[in-house]
Amino acid sequence: MATVKYYLRSKTKGSTIQIQLSISKDLKMRNSTGLQIDYSDWSDKTSLPKQNNPHNKNLTSDLNDLEKFILKSYNDDLTGGVLFDSHWLKNKISLFFDRIDVKTSDDIVVNYMKSFNELRALAKTKKTTDHQYLMLEDKFSRFQDVQKKNYVFAEVDKRVILEFKNWLMVKDKLMESTANRTLKNLKTVLLDARANGKLLHPQVDKFTIESVTSIKVFLNFEELSKIKNANIIGEDLLHARDWLLIGCYTGQRVSDLLDMTPSKIFTKTDSQGESFRFIDL
């Protein structure tokens, strides 16, 4: 059974309160709580502050709450095979006291994704792949907002990944094949973070992402004719209809399709004097 105990490292006026998490006889980890107290206000008998003033009473309350948080976190992570060490303990203490800067710390997954994408931009990597990682950053950020939580790397386990996949398919309305591709990109970012010293949940390595055959959607010429002749009201819908038809007949990807301009349309005359209109891609 895991236990928590507090102690002081020095007998001074501004002694730092240390925490020790004992999991077994051979597995004990220690770290600083970041809290300080005058040694004369410390009780060696209870291993807590003396209850001789309001400040010490509040300090005791904080330490008791921290103990409950650490033990609950230990029980939550125990079934997932998490590596328990001083880094794990330090991270939990920071989470409890909100000491992680959620806007800048690269221990936050989304913040790391931002830096990851900035490095890709400098490396001039493939644009289509860069776009996928930018979309991953946006989607995971919105997923966090729904969960009302800023995930650090050690918290992204199998359950979180599956919840993210479900959110992609239900809320973001992605097909399973696209959602799985997004998860593969997420795993790539997680492994890159570990290569840069971040502590990952051990379930990440064992998590496999199935390949799902994507559904191919197409329109035949009769359906295209119906779209072309449909009675449509609204300038936006008319423009959408035109681009849909152009896309179907030219077979271009969206990035190339939207790059078309009137200047790319020209006329060519053959040796028989017949003229033909072309789109120069």
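The values are calculated or read from the model by the stated rules, or taken from the named source; none is laboratory data. Here the structure is a predicted model, which is why all the values come from computation and not from measurement. Note that each Cβ is placed from the backbone with ideal geometry, even for glycine, and that neighbours are counted across all protein chains shown.
Summary table below
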read-out: Residues located in segment 94-116, provided they are assigned to a helix (DSSP H, G or I), modelled with pLDDT under 90 and of a type outside the set (Phe, Trp, Tyr); value: 94, 95
read-out: Residue that is in a helix (DSSP H, G or I), in contact (Cβ under 8 Å) with a residue 60 or more places away in the chain and of a type in the set (A, V, I, L, M), where the choices are 89, 83, 21; value: 89
read-out: Residue match in segment 60-79 (condition: part of a loop (DSSP other than H, G, I, E, B) and loosely packed, with under 13 Cβ neighbours inside 10 Å); value: yes
read-out: Single match in 65, 98, 44 (criterion: over 30 Å from residue 138 (Cα atoms) and out of contact with any helix residue (DSSP H, G or I) (no Cβ under 8 Å at 6 or more places or on another chain)); value: 44
read-out: Of the criteria (1) under 28 Å from residue 133 (Cα atoms); (2) modelled with pLDDT of 90 or more, which one residue 224 fails; value: (1)
read-out: Listing of helices (runs of 4 or more DSSP H) fully contained in segment 136-223 that carry 2 or more residues being within 20 Å of residue 105 (Cα to Cα); value: 176-195
read-out: Residue in segment 219-227 that is over 30 Å from residue 155 (Cβ atoms), β-branched (Val, Ile, Thr) and free of Cβ contacts under 8 Å to residues at least 60 places away in the same chain present; value: yes
read-out: Identity of the residue in segment 254-274, part of a loop (DSSP other than H, G, I, E, B) and surrounded by 11 or more Cβ atoms within 10 Å (Cβ to Cβ), that ends up nearest to the chain's Cα centre (by Cα); value: 258
read-out: Residue within segment 39-57 that is surrounded by 17 or more Cβ atoms within 10 Å (Cβ to Cβ) and of a type in the set (Phe, Trp, Tyr) present; value: yes
read-out: Any hit, segment 234-252, residues being more than 30 Å from residue 105 (Cβ to Cβ), surrounded by 10 or more Cβ atoms within 10 Å (Cβ to Cβ) and aromatic (Phe, Trp, Tyr); value: yes
read-out: Sole residue being without any contact (Cβ under 8 Å) to a residue 24 or more places away in the chain, out of contact with any Phe, Trp or Tyr (no Cβ under 7 Å at 6 or more places or on another chain) and either in the same structural domain as residue 255 (by TED's automatic domain parsing) or over 15 Å from residue 198 (Cα atoms) (or both), chosen from 71, 78, 95; value: 78
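Conditions tested, residue by residue: (1) surrounded by 19 or more Cβ atoms within 10 Å (Cβ to Cβ); (2) of a type outside the set (Val, Ile, Thr).
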position: 105; (1), (2): no, yes
position: 112; (1), (2): yes, yes
position: 119; (1), (2): no, yes
position: 123; (1), (2): no, yes
position: 135; (1), (2): no, yes
position: 142; (1), (2): no, yes
position: 152; (1), (2): yes, no
position: 156; (1), (2): yes, no
position: 168; (1), (2): yes, yes
